[in-house]
Amino acid sequence: MNVVRRGVVDSTNEVAKTLIAEGAEPWTVVVAEKQVQGKGRFGRSWSSPRGGLYLSVLLQDELSRLPILALAAGLATAEALEALGLQPRLKWPNDVLLGDRKVAGILVEGIVGAETYWAIIGIGVNTNVTLEALPEGLREGATTLRDALGEKVDNEALLKGLLDALTTAHPAVGKEEAVSRRYREICSTLGRKVKVETADGMLEGKAVDVDASGFLRLQTKEGVVEVAEGTIVEGG
Ligand code: BTN
C-alpha cells in the first residue's frame, strides 16, 4: 500500500483524482492533515480542521459495486474503532455513530479512468478535533474520539488499523454477502421507522434489511422498496 502524505489540501478525494490521472496504482492512499474544501455526501461539506483523520483510498472496481464498497468502508472504520474499545454503530449507508452522534463519515466516488473504473473511498474521522472547531449547526449531532475516550488518539495507529480492517473487509466479487452480514450486526437503522431522502423524493417505512448490493430495503405502505442511495433524515 502506497501512502501519500499531504499537509493542507482541498479534499483528499480531489487529490485522489489527480493521482489517478497521473497513473496511481490501486490501493494508493492519500492522507491529509487538514482539508479546506472537505466534501460530504450529496454536495454537503465536511468540516476538516487539523487534528482529524482524512484519507482517500484508490481502488479499481466496477461502478455497480460502489454501494457495497461504501458499506465495507463504514464497517472497516467501525472495526478500527472497536479495536479502541468503543462500540460504534452504522447508520445506513455509512455514518459511523457513537451513541447517536456521528464520529465519522464516508464519501465514495466513482471515476471513469482511461482503461478502467475507479472507486475513491474517502473517510473522515473526528479524532482529535474539538467540537468547537466544527460549525455550530453540526455540534449537536457530532462527537469526537477524544471526547469518547477521554484522551488524545494516535491518528497514525488508527490509520493503520483502519487500512488493515479495510483490506480485510474489502469484498471480492461474489463475496459481498459477508460484508452485508457483518454490517447488519452493527447497523442502528434496521428495525426502525425511518424517513429517507432520495433523488426521487422522500420515502417512509420500516428499515427491514441491507442486502449484498448495499441497498436498504424499506417496508413501505406500498410494499418493499430497495433504496440504492439516500439520506436518513428521521429515525435510523
Ligand atoms: C459524509 O458523511 O457526508 C461523508 C464525509 C466524508 C469525508 C471524507 S474526509 C476524506 C475525504 N475527502 C473528502 O473531501 N471527503 C472525504
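Out of the residues in region 164-187 meeting the condition of being in contact with a strand residue (DSSP E or B) (Cβ under 9 Å, 6 or more places away or on another chain), within 17 Å of Arg89 (Cβ to Cβ) and in contact (Cβ under 8 Å) with a residue 60 or more places away in the chain, tell me which one is surrounded by the most Cβ atoms within 10 Å (Cβ to Cβ).
Of region 164-187, the ones in contact with a strand residue (DSSP E or B) (Cβ under 9 Å, 6 or more places away or on another chain) are 166, 170, 180, 183-184, 186-187.
Subset that is within 17 Å of Arg89 (Cβ to Cβ): 180, 183-184, 186-187.
Within this subset, residues satisfying the condition of being in contact (Cβ under 8 Å) with a residue 60 or more places away in the chain are 180, 183, 186-187.
On the way: Ser180: 21, Tyr183: 24, Ile186: 18, Cys187: 26.
Selected residue: Cys187.
Please pick out the residue among Leu190, Leu159, Leu138 that is assigned to a helix (DSSP H, G or I), open to solvent by 30 Å² or more (accessible area, probe 1.4 Å) and touching a residue at least 12 places away in the same chain (Cβ under 8 Å). Step through it out loud before you land on a result.
Details: Leu190 fails: assigned to a helix (DSSP H, G or I); Leu159 fails: open to solvent by 30 Å² or more (accessible area, probe 1.4 Å).
Going through Leu190, Leu159, Leu138 in turn, just one is assigned to a helix (DSSP H, G or I), open to solvent by 30 Å² or more (accessible area, probe 1.4 Å) and touching a residue at least 12 places away in the same chain (Cβ under 8 Å): Leu138.
Hey, can you tell me all the residues within region 200-235 that are among the hydrophobic types (A, V, I, L, M, F, W, C), open to solvent by 60 Å² or more (accessible area, probe 1.4 Å) and in contact with an Asp or Glu (Cβ under 7 Å, 6 or more places away or on another chain)? Show your work before the answer.
Taking region 200-235 first, the residues among the hydrophobic types (A, V, I, L, M, F, W, C) are 202-203, 207-208, 210, 212, 215-216, 218, 224-225, 227-228, 232-233.
Narrowing further to those that are open to solvent by 60 Å² or more (accessible area, probe 1.4 Å): 202, 208, 224, 233.
Selection gives Val233 alone.
In region 52-84, what count of residues is obtained for those that are more than 8 Å from the ligand (Cβ to nearest atom) and either at pLDDT below 95 or over 18 Å from Asp147 (Cα atoms) (or both)?
The qualifying residues number 21.
Determine if region 45-54 includes at least one residue that is under 15 Å from the mean Cα position of the chain (by Cα), of a type in the set (Phe, Trp, Tyr) and within 19 Å of Val3 (Cα to Cα).
yes
The values are calculated or read from the model by the stated rules, or taken from the named source; none is laboratory data. Remember, predicted model here, so these are calculated numbers, not experimental data. Here the Cβ is made from the backbone with ideal geometry for all residues, glycine too, and neighbour counts use every protein chain on show. The protein model used for the area step is the full one, side chains on, heavy atoms only, and it has no ligands, DNA or RNA in it. Shrake-Rupley method; radii C 1.70, N 1.55, O 1.52, S 1.80 Å.
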